[in-house]
1. Looking at B:His227 and the list (1) open to solvent by less than 10 Å² (accessible area, probe 1.4 Å); (2) at pLDDT 95 or above, which single condition is not satisfied?
2. Filter the stretch C:90-106 down to the residues that are surrounded by 20 or more Cβ atoms within 10 Å (Cβ to Cβ) and not polar (S, T, N, Q) and list them by number.
3. Cβ-Cβ below 8 Å, separation at least six or inter-chain, first residue in the stretch B:94-105 and under 10 Å from B:Glu68 (Cα atoms), second among the acidic types (Asp, Glu) and outside any helix (DSSP H, G or I): which pairs?
4. Quick one: what pairs do we get from the stretch D:176-203, first residue in contact (Cβ under 8 Å) with a residue 12 or more places away in the chain and under 26 Å from D:Pro146 (Cα atoms), second surrounded by fewer than 24 Cβ atoms within 10 Å (Cβ to Cβ) and among the charged types (D, E, K, R), C-beta under 8 Å, 6+ apart or different chains?
5. Among the residues of the stretch D:146-167, is any away from chain B (no Cβ under 14 Å), farther than 28 Å from C:Ala231 by Cβ and either open to solvent by less than 10 Å² (accessible area, probe 1.4 Å) or modelled with pLDDT under 95 (or both)?
6. Would you be able to tell me the number of residues in the stretch D:114-141 that are closer than 29 Å to D:Val200 by Cα and open to solvent by 30 Å² or more (accessible area, probe 1.4 Å)?
7. Name the pairs whose Cβ atoms lie under 6 Å apart, with the first residue in the stretch B:221-242 and farther than 20 Å from B:Ile152 by Cα, the second among the polar types (S, T, N, Q), and 6 or more positions between them or separate chains?
8. Which members of the stretch B:24-46 meet the condition of being at pLDDT below 90, in contact with a helix residue (DSSP H, G or I) (Cβ under 8 Å, 6 or more places away or on another chain) and not aliphatic (A, V, I, L, M)?
There are 4 protein chains.
Amino acid sequence: MANFGGHAIPGSFFLLYGFWLTVKHILQHHWRTNQPKARRVMPPLFRKLDYMEGGFLIFASFVGIMVEQFVVDGPHARLYNPEGKSWVKLMNWQHSTMYLFFGISGMALVASTASKQVPAGLDRLALSLALFVEGFLFLYHLHNRPLLDAHIHSLLLFAVFSASASTMLEVFKRDDIVLELLRAGLFFLQGSWFYQIGFVLYPPNGPKWDLTLHDNVMFVTMCFCWHLAVALLLVAGISSAVWLNDAVAWLCLNAR
Amino acid sequence: MANFGGHAIPGSFFLLYGFWLTVKHILQHHWRTNQPKARRVMPPLFRKLDYMEGGFLIFASFVGIMVEQFVVDGPHARLYNPEGKSWVKLMNWQHSTMYLFFGISGMALVASTASKQVPAGLDRLALSLALFVEGFLFLYHLHNRPLLDAHIHSLLLFAVFSASASTMLEVFKRDDIVLELLRAGLFFLQGSWFYQIGFVLYPPNGPKWDLTLHDNVMFVTMCFCWHLAVALLLVAGISSAVWLNDAVAWLCLNAR
Amino acid sequence: MANFGGHAIPGSFFLLYGFWLTVKHILQHHWRTNQPKARRVMPPLFRKLDYMEGGFLIFASFVGIMVEQFVVDGPHARLYNPEGKSWVKLMNWQHSTMYLFFGISGMALVASTASKQVPAGLDRLALSLALFVEGFLFLYHLHNRPLLDAHIHSLLLFAVFSASASTMLEVFKRDDIVLELLRAGLFFLQGSWFYQIGFVLYPPNGPKWDLTLHDNVMFVTMCFCWHLAVALLLVAGISSAVWLNDAVAWLCLNAR
Amino acid sequence: MANFGGHAIPGSFFLLYGFWLTVKHILQHHWRTNQPKARRVMPPLFRKLDYMEGGFLIFASFVGIMVEQFVVDGPHARLYNPEGKSWVKLMNWQHSTMYLFFGISGMALVASTASKQVPAGLDRLALSLALFVEGFLFLYHLHNRPLLDAHIHSLLLFAVFSASASTMLEVFKRDDIVLELLRAGLFFLQGSWFYQIGFVLYPPNGPKWDLTLHDNVMFVTMCFCWHLAVALLLVAGISSAVWLNDAVAWLCLNAR
């Protein structure tokens, strides 16, 4: 998917997911801090939200894999071409693999919501592994690319591996609102950075970027920090909006 | 042991060990969560299992060292050849060293099961060190090998060092089922990846792989992620099977 | 700001900040350890100190950004020069970005002091990110510099990233006096090292250093350890002075 | 100190220190586990031991610095030679710096034993920094050395940085016997590896090693693992001996 759209689609997905996570975790945090200790059972609404999130992850992964495999120039589920003695469309297979792990994390979320037998923290472990696999496959993607192209993708890896590490921490420190919002912020960062990659490598209108200029590398590094600032701002803004909104009161009333 | 069998034997060992760990830890977890707090003493059955595991590790390590030393073309316990001014069969000595540390971890398991004086967590520390030494010796193994050969072994190191790190975490966080299952899953991954290395470097039937082709490197990286997915699936499947099986009920009855 | 003054100004700032942190945290620690458990509410004085600190960070960052943008040879808020097809004064923009994140950490400190709704630890997370961004931008600064220049800046990164990591730990381990003093010490180290960089690269009087001599690299590495020793000594000295001083008794009386 | 003796002296020191730590921590652990909860005050004997240890560290560091400075071919406290425009005996200065930090860790141990005002964990932080500085200075020592020389020192760094990291963990997890024994074991490893370096680089009798042969690198890597095994064995043996010995009973009687 070496074009602008191919970066805008995952970018939009990650931005939306970051938005969803911010809202969900702020509501959960509000619930936790406002309940007396005796009644620390999550209301059914939150379980429904988790089912929806898990179901969406499974569904979106399935669609993603199908699209990657069966687009016109896709591999159509063929992995090896014995005549040409070559692998068929490895890029599409790699993307399918990434989707697969997000699908697995969706399944882990559904399972850990549905049953108390499933150990707590398994959904976070699966999400952490999904992010790790995403970064891991990107890591061996960068070989032999021009300077700016490799650099802009390696910055993406910062966001991906940070998200993987902070999600791994959540396995051991459940219900920590700082870590949960950090995760949401890193999804925002990842999403907006996908857009940035699209704009730099495949500018929809306007001139091409010089992929070998060192000044561009320096600008892009700084730009990554601005995206981080914006991501923090978005999390802070959405949190405040959710917090202040009457919706919270309404929700808490109805959730009881 | 530069042939297919030399990779299939440790691969089978690690797959079996992963299976054993999954079953053992699920049974222990079931016991822990179903007991009232007052009676948190492990039933004698679990101690017997730990003795068996430790004894097996010691025995298997001993056999492994003996085989490495006294096979026909082995070093026969000679380390240095003063005439030729060279080391004798360093590869066999390295494998013996790896086995030695797994043997030590077996001893630590037996000791910490037998006596309350032995500090809790020592068995995990020893296992973590055994995995670290395995990875450490492999690390300086990769020098001067063709691209694909070095890459496929460096992927193995991801599994080995991750297992070492997660086992080290268990020193401080005992009886955490997520970490225990992660360890089991990483043993599955290591085991199945040993088979994969065997199939790629010494294909038992079929053509040789081109060890310098960059597409093969990309495929192998992706393939590692598939092995990870299969390892997760295996752990999940075995856990569910153990859980659902009447054996659990039977065991808990008999263990009391 | 490639001159001696451009390194002395941030150096002085970090030295002062280290001094401030040492005094503040020693007073807080004294308060915590001398109060009966029932009355573990921070006295209003400490909240005022936090407001002052946050306000100062915001103010100083704002001034810093303004100066970097609107000095005579600054970019005057212009980022891209369409005629020359080049970025305008990227160095000044990078410094502005660093200041921006310290400003954000000031806002987080004010917010978490003002409201209980803001999760505890957010101020430390923001400070940790500010330090990370500082180090991150420096990291891609070092390209194509002479040996000693690159080395002396990479030593700075040790101080910066260590401070970022130890501050991140404080998100999860609040009110740990060892971590708080370590952070203060690392700010001292950073501050004095900025001065050292100024003296080495832009010696105000005396001869130039040979930037390619390997012996200079070895001396500078050792010198960094001496700065660390001095930073530890400063923290120990200030802590003892605050502790022994009557001011403590006076403060605790008045804070009640 | 580029001769056999120059490696045997620190080696002996670290071996002795490892022995001391093993005995001390086993005795402390025995005391902790055998006391009723109400009387968890350390007996005065342990405080005396800590004073002795701290005093010895300060004294030995002082002697070490004096010797490094005022041996016949030492720098005699001169740092820069203005005529030759060169640094004077940087190697001796580096060793003095290492000793300085071990001296600081001795002071921290004395201070934290003497006063309750000194925060717990400060002595471990100082020891961790001393080990870090040792490794840090070695790290920039390895430049431009022959293959085997660089490799054998980089293996030393594994022991040094592992000890630094595990000691840093002890800042947060006090009185954890596994970590304490791990630290003792890593001092054994460091000590015996210093001897090994001496034997390889400056063989007291027998032929010189070929410093460029790759087989020697492989052997030395494996040999490092054997040293680790021996270090574990030593810790286990000494612990058992202390434990079983009547001395324990005697000590506990007298310490009351």
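1. Only one criterion in (1) open to solvent by less than 10 Å² (accessible area, probe 1.4 Å); (2) at pLDDT 95 or above is unmet by B:His227, namely (1).
2. Taking the stretch C:90-106 as the starting set, the residues that turn out to be surrounded by 20 or more Cβ atoms within 10 Å (Cβ to Cβ) are C:92-99, C:101-106.
C:Trp93, C:His95, C:Met98, C:Tyr99, C:Phe101, C:Phe102, C:Gly103, C:Ile104, C:Gly106 - these are the residues of the stretch C:90-106 that are surrounded by 20 or more Cβ atoms within 10 Å (Cβ to Cβ) and not polar (S, T, N, Q).
3. No pair meets every condition.
4. What qualifies is D:Leu201/D:Asp149.
5. yes
6. Keep residues of the stretch D:114-141 that are closer than 29 Å to D:Val200 by Cα, which gives D:127-141.
Okay, now just the ones that are also open to solvent by 30 Å² or more (accessible area, probe 1.4 Å), so D:132, D:139-140.
Qualifying residue count for the region: 3.
7. What qualifies is B:Val235/B:Thr22; B:Ile238/B:Thr22.
8. Once the filter is applied, which keeps residues that are at pLDDT below 90, in contact with a helix residue (DSSP H, G or I) (Cβ under 8 Å, 6 or more places away or on another chain) and not aliphatic (A, V, I, L, M), the stretch B:24-46 yields B:Gln28, B:His29, B:His30, B:Trp31, B:Asn34, B:Arg40, B:Pro43, B:Pro44, B:Phe46.
The values are calculated or read from the model by the stated rules, or taken from the named source; none is laboratory data. This is a predicted model, so every value here is computed, not measured. When we count neighbours, we look across all protein chains shown, and the Cβ atoms used for this are built from the backbone with ideal geometry, even at glycine. Side chains are part of the model used for accessible areas, which takes the heavy atoms of the whole protein and leaves out ligands, DNA and RNA. Shrake-Rupley method; radii C 1.70, N 1.55, O 1.52, S 1.80 Å.
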